Amino acid sequence: MKYSLKTKLTLSYIFVVLISVLMLSVVTNLLLDRHFKEYIIENQERRSREIVNQVSQQYKGREWDTDAIGNICVNALEQGLIIKVVDSNGNVIWDARNHDNELCEQILAHMEKNMSSRYPNWEGGYVENTYPVRDKLTEVGKVVIGYYGPYYFNDSDLEFINTINRLTMGIGIFSLLLSLLTGSVMAKRLSDPISRVITTAHMISKGYYNDRITETSGTRETAQLIEAINNLAQTLEKQEVLRKKLTADVAHELRTPLATLQSHMEAMIDGIWKPDTERLVVCYEEIMRLNRLVGDLEKLAKYESENLVLTRTRFDVSELIRHIIRNYENDFASRGIDIKFYGKEEVVYADRDKISQVIINLLSHALKYTQRGGTVEVEVRGEENATEIIVKDTGQGIPPEDLPFIFERFYRADKSRNRSTGGAGIGLTIAKAIVDAHRGSVRVKSEVGEGTEFVVTLPKQPE
């Protein structure tokens, strides 16, 4: 059977309080029994000595003051002590049993009842202690003190113990109620945000990504959980938007060549056009366009795969970039774009072919979006633990609202997807996937009308 977090927290508070009160009660009673027993025995011995001292003072000039001795012994009898005083010859001067034997028995029975109420298995009985009475150095008599032993609790002692127990029980009940109240409040404060998180998670699982948790929590872990769920919902919402856009973009990329092929084929089937070389070349170009699109998708799937194999070697990345620039000089020159390179020898440990693909994709992006008369600059910088490759152009720039999405599949800032810029919009996605596989990073800065700067960071030491 499953219980709610609120129930478990409340029960845990109650359990802790019950255990604490129980342990407090047990320890209190154990300590009380031990120390109170020692106190009772010491107090009893002290009273016995006081009584003996008082009786010895009643021996004056070889005579006993029997009236004073009687008063002393009657007071002692009220305290549960049965006194018998005899002289040196064995003559009884005063005996509590002779004075009132029925009262003595009642006192002993009452003491037994007190002890039995405290200790159900108590085994005690009548005990006598004999103390000598001296006049100077001469023994003139004896005082026999009897009591219920080995020790006993009178009514005051028993009431004190019961008061302690009642106080402990009262504290326990109060603590239990306080723990119930505190536990409920704390459990509510802890469980309500979590319940809200559960509700939001259910909404996310059903595809409602715009729901956010507005509740706050003073508990660090709960606050982190709320933040994580909100970030998850925000990320999934963005991914859903991108997924829909991806579907639309793929459909757009496929629709144009397929429509061209369909129209040409229908025209040739209906006899409107003859299947001459020119018409077939157009169909062939559209088929190659589709083939390139599928190839790009396969390449992207390969680069984004967790099983991507990197053939790492040590090579001079500056020399590699110079070689790539030489291959693209004619393309830049035909567009009237000046390309420059800055950098010294910088050795990296990476996959040469895949890093070449990154550089080519970034240069292709700069070539597409830089107007005639513009400039593209490539720079290599060596840092302590990393190598930076900067590709900067003076092109049209990327709008701020598009910057977070430029590495997404098929995403292009040109909403019309004008074919004059070419490509399917996955070149930057492939570049980022390759850099990520090298445990590096790609940053981009851009201003509309000013140009764009890509910074690729590659670690010098493999992880």
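So the values come out like this:
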| read-out | value |
| --- | --- |
| Volume per residue that the Cα convex hull of the chain spans, once the total is divided by residue count, Å³ | 308 |
| Computed [θ] at 222 nm, helices only, for the chain once each DSSP H run of length n ≥ 4 contributes -39500 (n - 2.57) | -20500 deg cm²/dmol |
| Distant-in-sequence amide H partners of VAL133 (H built 1.01 Å from N, under 5 Å) | VAL140, GLY141, LYS142, VAL143 |
| Subset of LYS238/LYS460; LYS60/LYS84; LYS299/LYS340; LYS238/LYS368 violating a 22 Å alpha-carbon distance limit | LYS238/LYS460; LYS299/LYS340; LYS238/LYS368 |
| Least to most buried among VAL241, VAL348 (fewest other Cβ within 10 Å first) | VAL241, VAL348 |
| Sequence-distant aspartates and glutamates (8 or more away, or on other chains) whose Cα lies within less than 13 Å of LYS344 | ASP316, GLU319, GLU379, GLU383, GLU388 |
| Electrostatic dipole magnitude of the chain [Cβ: Lys, Arg +1; Asp, Glu -1; Cα centre; debye, to 20] | 1500 |
| Per-selection Kirkwood Rh - segment 71-222 (Cα, Å, 1 d.p.) | 21.9 |
| VAL376 long-range amide H proximity, modeled H, under 5 Å | ASP338, ILE339, LYS340 |
| DSSP-assigned coil residues among trypsin sites (Lys or Arg not before Pro) in segment 64-158, each with at most 12 further Cβ atoms within 10 Å | LYS136 |
| Pair-distance profile P(r), taking every C-alpha pair of segment 234-304, with 10 angstrom steps and integer % | 18, 34, 26, 15, 6, 1 |
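Every number here is computed from the coordinates shown, using simple stated rules; none is lab data. These numbers come from a predicted model, not from an experiment. Cβ sites come from the backbone with ideal geometry, for glycine too, and all protein chains shown count toward neighbours.
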